[in-house]
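Take a look at the structure below.
The values are calculated or read from the model by the stated rules, or taken from the named source; none is laboratory data. These numbers come from a predicted model, not from an experiment. Backbone-built Cβ (ideal geometry, glycine too); neighbour counts: all protein chains shown.
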């Protein structure tokens, strides 16, 4: 009998109900070492996307994640990651690990189109989170592919 592997720290991820947007949700890794957390992310996404066959990003290895703790994020493009599975693609806003939890929580919800109370929406932090997600939607499209029709995403089986 095989048991599912459980991580010590849960994957912090949100996804839109319907994929195919420029931003389909967000991922908030626990550290800035994304490669160490990537297997867990892929494992969580497998149920929604199918077997993951491609991952692409809109930044270079030498580029740091934007600092969302200050307004300096406005001078940098947001980091997006396209995870392509056999059945679907998800374009994720990557939230820097050092982002304060209140802002990160808002970004996770807004990026996935999840509802928020009016009390949350009537704050400067909410407006900042909306600006960040809007910047990601406008900024990341050229390098991160939007979800393609299912027929175009499928890759031939290797023999």
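Data overview
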quantity	calculated
Counted residues, the range 21-35 - those being out of contact with any strand residue (DSSP E or B) (no Cβ under 8 Å at 6 or more places or on another chain) and either over 19 Å from residue 68 (Cβ atoms) or touching a residue at least 12 places away in the same chain (Cβ under 8 Å) (or both)	4
Filtered residues of the range 13-50 (kept if in contact with a helix residue (DSSP H, G or I) (Cβ under 6 Å, 6 or more places away or on another chain) and assigned to a loop (DSSP other than H, G, I, E, B))	22, 23, 28, 29
Subset of the range 55-66 [out of contact with any helix residue (DSSP H, G or I) (no Cβ under 6 Å at 6 or more places or on another chain) and free of Cβ contacts under 8 Å to residues at least 60 places away in the same chain]	55, 59, 60, 61, 62, 63, 64, 65
Helices (runs of 4 or more DSSP H) wholly inside the range 72-159 that include at least 1 residues being out of contact with any helix residue (DSSP H, G or I) (no Cβ under 7 Å at 6 or more places or on another chain), surrounded by fewer than 17 Cβ atoms within 10 Å (Cβ to Cβ) and modelled with pLDDT of 90 or more	101-111, 124-139
